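Here the structure is laid out as structure tokens; the discussion comes afterwards.
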Amino acid sequence: MDTITTQETQLGMSRVLASSFDEAIDKVTLALKEHGFGVLSDIDVAATLKARLGEHMEPYRILGACN
């Protein structure tokens with residue numbers, strides 16, 4: 001993956017990729033598959049917030065992965 005920056009905290013790690021949000025989801029899903037993981041759940045937080053509260057936020061998805 002084309003990584004721009006990586007941040008590590010006590011709670012986790014984040015990476016900023018040089019791609020669109022949808023391309024990043026595809027890249028992460030493929031990388032997980034290559035390492036023996038499957039995505040069991042995909043929660044679109046932004047869509048849920050919009051549907052339930054009418055609020056807009058930047059794209060935000062939670063991928064639940066398991067091997």
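The values are calculated or read from the model by the stated rules, or taken from the named source; none is laboratory data. Everything quoted here is computed from the prediction, not taken from an experiment. Cβ: placed from backbone, ideal geometry, glycine included. Neighbour counts: every protein chain shown. Accessible surface areas use protein heavy atoms only, side chains included; no ligands, DNA or RNA. Shrake-Rupley method; radii C 1.70, N 1.55, O 1.52, S 1.80 Å.
Side notes on the structure shown:
- Protein heavy-atom surface of the chain, 1.4 angstrom probe: 54% of the accessible area is carbon and sulfur, with nucleic acids and ligands not counted.
- Between helix 21-34 and the chain: long-axis angle, C-alpha atoms, 0 to 90°, nearest 10: 40
- Rounded if a/c under 1.5, otherwise prolate or oblate - region 19-67, Cα gyration tensor axes: oblate
- For the chain: accessible area per residue (Å², 1.4 Å): 83
- A simple charge model with +1 on the Cβ of Lys and Arg, -1 on the Cβ of Asp and Glu and nothing else charged puts the dipole of the chain at about 160 debye relative to its Cα centre.
- Relative to the current alpha-carbon distance between Thr6 and Tyr60, full extension at 0.36 nm per residue lengthens the span by 17.6 nm.
- Relative contact order (%) - the chain, alpha-carbon pairs under 8 angstrom, separation at least six: 25
- Local electrostatic count at Ile43 - Lys and Arg +1, Asp and Glu -1, tallied over other residues with Cβ under 14 Å: +1
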